[in-house]
Amino acid sequence: RHYARLAIALRPTSAAGLKLLYASLLQSPPRREEFVSASTNESPAISVIMPMRNAENFVDEAIRSILAQPGVSLEVIVVDDGSTDRSADVARAIGDTRITLIAGPRQGISAALNAGIAVARGRYFARCDADDTFAPDRLARQLAYLESHADFDAICGTFTMVTASGRPIVDQVWS
């Protein structure tokens, strides 16, 4: 498991072009299952794509760490890539309008990420594995940085690898 303090956020040159590129890689468009009807048609600032396969023990904490991000409008696209456990049920039970669950193409993590990007509506994209969590201010810091540095299209940062009980075992700081 990872605890991401800062990681990748992308600013596509053309969101429509990027989505078209990724959509063309899919054999069929993903089916969108919204847990609760969205209360607004406004596009979020950030779409967080979460590929998921058999992560029922971790996905609740992962999604909640994203939803708890202060100061940013966001959506979470959970791509269930063929889970055989209760992962989808756990994600669905959260019941937040910002969560969308789609069926993945069952062709691995890259194809699952592509499927999520194909339905994403945000100006920026971030990813979170279903067994990872975000630091409380991660997305606000990344969004502020990208908004104030137009010459940057992507950013990444540090992470901490933790045991299932949350004990840190590796701290990765990029220099």
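The values are calculated or read from the model by the stated rules, or taken from the named source; none is laboratory data. Note that the structure is predicted; figures quoted are calculated from it, not measured. Cβ coordinates were reconstructed from backbone atoms using ideal geometry, including for glycine residues, and neighbour counts include every protein chain displayed. Side chains are part of the model used for accessible areas, which takes the heavy atoms of the whole protein and leaves out ligands, DNA and RNA. Shrake-Rupley method; radii C 1.70, N 1.55, O 1.52, S 1.80 Å.
Computed quantities for the displayed model
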read-out	value
Whole-percent carbon and sulfur share, accessible surface of segment 66-175, 1.4 Å	54 percent
Pair Asp137, Thr158: separation of 7 Å Cα→Cβ label points (nm)	1.4 nm
Kirkwood-based Rg to Rh ratio, segment 60-153, C-alpha trace	0.97
Nonlocal amide H pairs with Arg127, under 5 Å, H built at 1.01 Å	Ile8, Ile49
